[in-house]
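Worksheet: one structure, shown below.
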Amino acid sequence: MTSSYTFSLIELLTIVFLLTIVITFIFSAIPQSNKNIKISGVSIGIVFSWFGTFILGTPDLVPKFNSNEIITLSIFFLFLGLFLDLNPKFNKLFIWIVLIFSGMITIIWMLNEVKFYSIFFLIGWITLQIKLQRESIQNNKTISTAELIIVFSAIGLGLIAWINNLLVDRDLAFGLSSICSAFYLCSKIRPNILTGFSIILIGGGAVFMIIIRLFEQYPSLTPSIILLGFILFIDRNIIYLSKKYRICNTMPYLINFTILATIPIALSVLTATIASKLTIG
């Protein structure tokens, strides 16, 4: 797997942002016999996989079992998410069996073995999927909270990676944030662009795989990653603050979410900085 790209990071982020908008609108324009089918999110998988080849290089013809195979696994999530989105009548038990199994595959594939801490990764995967699914079901008609969770989680991971000079993971995380931000924008413009399993699996899967990559390289970043996980619960805080303070109730949801997201991001960056200095020392 080799990579040689000449674009700057800002140029790449701009390209993937615009490309996501174009592909999302193309998919949203495809007539659907069932209004519950949500395939627009496939754009996230297509663009992230394409973006990843610039960062990590073209995947090997025969995939290897290590954390560099994030693109191969992203393609896997792309087709799995599309399969679930095209079959909205699957019962919840089947869906959860598929989700848990896909999480186990990801963990074993990236770690190349089952380690004692693999169970904690699996718990993290299930927690992430529960939260993203719940937000997509509750907010599809009004607020795309699932996308915001992915966007700000990716920003936090990118900053953590940057502080520790993990530039590949920084680029992957910021790229994911740019892609999901573009999708969020599209969902605000066109009401038929909804959150489906394609987004939950691809976006959530990418966040999860970047976390594994960071942990593998610097286990000391675990506290930072845990603190960043509080982004999953921001929506509950917004509901509470909106009831208690009128100003929160009058501000747009995106502004409220952004302000609150800075807290776990700042704390995770602070602990990552401390961990970096301790590692160097």
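The values are calculated or read from the model by the stated rules, or taken from the named source; none is laboratory data. For clarity, every value in this text was computed on a predicted model and none was experimentally measured. Cβ coordinates were reconstructed from backbone atoms using ideal geometry, including for glycine residues, and neighbour counts include every protein chain displayed.
Restricting the first member to segment 146-168 and to residues that are closer than 17 Å to SER220 by Cα, and the second to residues that are assigned to a loop (DSSP other than H, G, I, E, B), the beta-carbon pairs closer than 7 Å and six or more apart or on different chains are ASN164/TYR218.
For segment 161-171, the criterion of a residue being in a helix (DSSP H, G or I), within 21 Å of PHE17 (Cβ to Cβ), under 16 Å from the mean Cα position of the chain (by Cα) and of a type in the set (Phe, Trp, Tyr) is satisfied by no position. Picking from residues in segment 39-83 that are surrounded by fewer than 22 Cβ atoms within 10 Å (Cβ to Cβ), of a type in the set (S, T, N, Q) and at pLDDT below 85, the one that is farthest from the chain's Cα centre (by Cα) is THR58. For segment 245-261, a residue qualifies if it is free of Cβ contacts under 8 Å to residues at least 24 places away in the same chain and either surrounded by 14 or more Cβ atoms within 10 Å (Cβ to Cβ) or not in a helix (DSSP H, G or I) (or both), and the qualifying residues are TYR245, CYS248, MET251, PRO252, ASN256, ILE259. Counting residues in segment 193-212 that are part of a helix (DSSP H, G or I), without any contact (Cβ under 8 Å) to a residue 40 or more places away in the chain, among the hydrophobic types (A, V, I, L, M, F, W, C) and under 27 Å from LYS38 (Cα atoms) gives zero.
Would a scan of segment 187-202 turn up a residue that is aliphatic (A, V, I, L, M) and over 30 Å from PRO88 (Cβ atoms)?
First pass over segment 187-202, keeping only residues aliphatic (A, V, I, L, M): 189, 193-194, 199-202.
Then keep just the ones that are over 30 Å from PRO88 (Cβ atoms); that gives none.
Within segment 187-202 (the criterion being aliphatic (A, V, I, L, M) and over 30 Å from PRO88 (Cβ atoms)), the answer is no, since none of the residues qualifies.
In segment 103-110, is there at least one residue being outside any helix (DSSP H, G or I) and of a type in the set (Ser, Thr, Tyr)? No: zero hits. In this structure, is ILE231 touching a Ser or Thr at 6+ places or on another chain (Cβ under 8 Å), surrounded by 14 or more Cβ atoms within 10 Å (Cβ to Cβ), in a helix (DSSP H, G or I) and not aromatic (Phe, Trp, Tyr)? Yes. PRO223: closer than 24 Å to LEU122 by Cα and surrounded by fewer than 18 Cβ atoms within 10 Å (Cβ to Cβ), yes or no? Yes.
When you go through SER220, SER242 one by one, which is the residue that is in contact (Cβ under 8 Å) with a residue 40 or more places away in the chain and among the polar types (S, T, N, Q)?
Details: SER242 fails: in contact (Cβ under 8 Å) with a residue 40 or more places away in the chain.
Criteria check complete, one pass: SER220.
The set of residues from segment 1-17 being loosely packed, with under 12 Cβ neighbours inside 10 Å, more than 17 Å from GLY158 (Cα to Cα) and modelled with pLDDT of 60 or more comprises THR6, PHE7. Take the residues in segment 194-205 that are at pLDDT below 85 and buried (at least 24 other Cβ atoms within 10 Å of the Cβ); name whichever of them is nearest to PHE79 (Cα to Cα). Checking each candidate, the answer is GLY196.
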